[in-house]
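What follows is calculated from the coordinates using simple rules that are stated; it is not laboratory data. Please read all numbers here as calculations on a predicted model, not as lab measurements. Ideal geometry is used to build each Cβ from the backbone, glycine not excepted, and the neighbour counts take in all protein chains shown.
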Amino acid sequence: DFDAKKKRKVAEIYQALNSDPIDVAALRRMAISEGGLLTDEIRCKVWPKLLSVNTDDLPPLPGKELREDNKDYQQVLLDVQRSLRRFPPGMPDDQREGLQEELIDIILHVLKRNPQLHYYQGYHDIVVTFLLVVGDRLATALVEKLSTHHLRDFMDPTMDNTKHILNYLMPIIDQVNPEVHDFMQSAEVGTIFALSWLITWFGHVLSDFRHVVRLYDFFLACHPLMPIYFAAVIVLYREQEVLDCECDMASVHHLLSQIPQDLPYETLISRAGDLFVQFPPSELAREAAQQQVERTAASTFKDFELASVQQRPDTVLRQRFRERLRGEERTKSILTKPRTNRFVKLAVMGLTVALGAAALAVVKSALEWAPKFELQIFP
């Protein structure tokens, strides 16, 4: 039965590829649904279509002159040298070293052609995934398109937009499981544990390459914010572990930063897609922006001042947090839609958790989002 399903899916993928014009919407459905794109051979054909890259007009391979007087070269070199575990175990040293040289060249090529982009540690974890799947020349074109779209906010001169994206994590969790949300808030764990997940598309933290490319199928077919929804479903999946943990920052951060390697990926992918439809970014933008405001020095100065007087910062901050929660509960029914309405909406759309197709609702907007604009709306 599994082999029959796989053959049917392969046939559907090639049918979409051979359509005139190519049926990109069908390819997105195939990338999202169970099993993803199945093989690297298929990914070589489909990933360019998902990113609108013309494979008939690929850039020439970058030359070694890129390394001369390049401000990023030393940092890229150090990161690539530390990337041994990202290559298949048992790969001959000379083959791996050759791929590492190609990895350096791809990164420097993209940065030189796009001076508005800034290298960040972890970027190489994404690039090496493309290199291993599609080879250096096609990887160069795909990574360049990805860097100017999905990864654009991570490549700003500052981390402001990256932090803004992380600010969506807690509102998503709150919508699904307020108990876990409140526990994490009480522990003051923040969202930094998910930073490496987000900026490497989980490539840095997952040891099995099959799981990494399966997630890349999913993310490439969806809105750029989908990785933060996937991060949220990982936390939600570990609900009991979180609630059983000591309610302090160090304990909860340690637990969450150690990502399990045996996650039920297909179930979580399906769940992330459903949550995106139920709680789209537009509904969470105000809460995400508010989190940023509350973390600024100006907004927390009263807490600091009071804590300085009483010398009991934990007590003061937690009390203030509990008071704010009570105030939010009183106004929540006015400011937000009932949770049940979102599930009704999902049912009306004819989407199911088992199918994992809920993410298709965001396909048309997969390449555009503007956190700065949202912050202007919700100062």
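For the reader, a short list of remarks on this structure follows.
- The modelled label-to-label distance between residue 57 and residue 192, using points 7 Å beyond Cα along the C-beta direction, is 4.5 nm.
- Kirkwood hydrodynamic radius of region 159-310, from inverse mean 1/r over distinct Cα pairs, in Å: 16.2 Å
- For region 1-63, average projected area of the Cα convex hull in nm²: 5.0 nm²
- Whole-number D in µm²/s for region 125-210 (Stokes-Einstein; Kirkwood sum over Cα pairs; 4 °C, 1.567 mPa s): 87 µm²/s
- Take each peptide in 166-179, 198-211, count the other Cβ atoms within 10 Å of every residue, and average; sorted highest first, the result is 166-179, 198-211.
- Calculated Rg and Dmax of region 1-131 using C-alpha coordinates, Å: 17.9, 57
- Residues in region 10-17 carry Karplus couplings, in order, of 4, 4, 5, 5, 5, 5, 5, 5 Hz; the curve used is 6.51 cos²θ - 1.76 cosθ + 1.60 with θ = phi - 60°, and Gly or Pro positions show x.
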